[in-house]
1. Please give the length that would be gained between L137 and I111 if that part of the chain were fully extended, namely 0.36 nm times their separation in residues minus their C-alpha to C-alpha distance (nm, one decimal).
2. Decide, for the stretch 67-141, between rounded, prolate and oblate: order the square roots of the alpha carbon gyration tensor eigenvalues as a ≥ b ≥ c, take rounded if a/c falls under 1.5, and otherwise choose prolate if a/b is larger than b/c, else oblate.
3. Quick one: which residues, 5+ away or cross-chain, put their amide H under 5 Å from the amide H of T110? H built at 1.01 Å from N.
4. Around F87, what is the net charge, scoring Lys/Arg as +1 and Asp/Glu as -1 over all other residues with Cβ under 14 Å from its Cβ?
5. How do I104, I111, I122 line up, fewest other C-beta atoms within 10 Å first?
6. How large is ³J(HN,Hα) for each residue in the stretch 70-84, as worked out from phi by the Karplus curve 6.51 cos²θ - 1.76 cosθ + 1.60 (θ = phi - 60°), to whole Hz, x for Gly and Pro?
Amino acid sequence: MASRRTGGQGGQGTGDERRDRAHNTEVPGQEGESGERAAEHQLTYVIYRNGARMPVQAWAESATLAKSAVAYNAGTLNRCRELGVRFMEVFDGSGCGWTSHSDIDKANGTIRTVKEAAAWPISHPRCMRAFGPRPDLTSPA
Ligand SMILES: [Zn+2]
């Protein structure tokens, strides 16, 4: 019995360390889980473990914009094409070119066909590009 008590005392220190380690790994695990769920099931809202809800669009435009930009823009363009929209307004970084960041054909604020937009959903890694439908336009400006 006496030897078991000694072992128990030694184990208390180890137990504290384990608790600290488990606590530290919780936060990144939560974020990754929420992201995967939204990508797989196309939810309208991302729901965090604390109950907070965030619209998928806002979520995609913030933390994971670079990672999901191509898929997100492709989804926007597909919906617009289905609705008969032919032209898109481009929102991008002020210096960003259409086919590469250094392209002299600047993208931001320009009007492109849905087909052109689908060919260049972004022009470089971490590109901020997004598209807004312009159903009011039936021919290029
Ligand atoms: Zn860009």
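Derivation of every value follows stated rules applied to the coordinates shown; laboratory data play no part. What you are looking at is a predicted structure, and each value in this text was computed from that prediction instead of being measured. Here the Cβ positions follow ideal geometry from the backbone for every residue, glycine too, while neighbour counts run over all protein chains shown.
1. Values: separation 26, 0.36 × 26 = 9.36 nm, distance 0.93 nm.
Roughly 8.4 nm would be gained on extension.
2. Numbers: a/c = 2.29, a/b = 1.34, b/c = 1.71.
Oblate.
3. Answer set, sorted by chain and number: V90.
4. Values: positive: R81, R86, R112, K115, R134; negative: E89, E116, D136.
It works out to a net charge of +2.
5. Values: I104 6, I111 15, I122 19.
In order of increasing Cβ crowding within 10 Å: I104, I111, I122.
6. After applying 6.51 cos²θ - 1.76 cosθ + 1.60, I find 5, 5, 5, 5, 4, x, 4, 5, 4, 5, 5, 4, 4, 7, x Hz.
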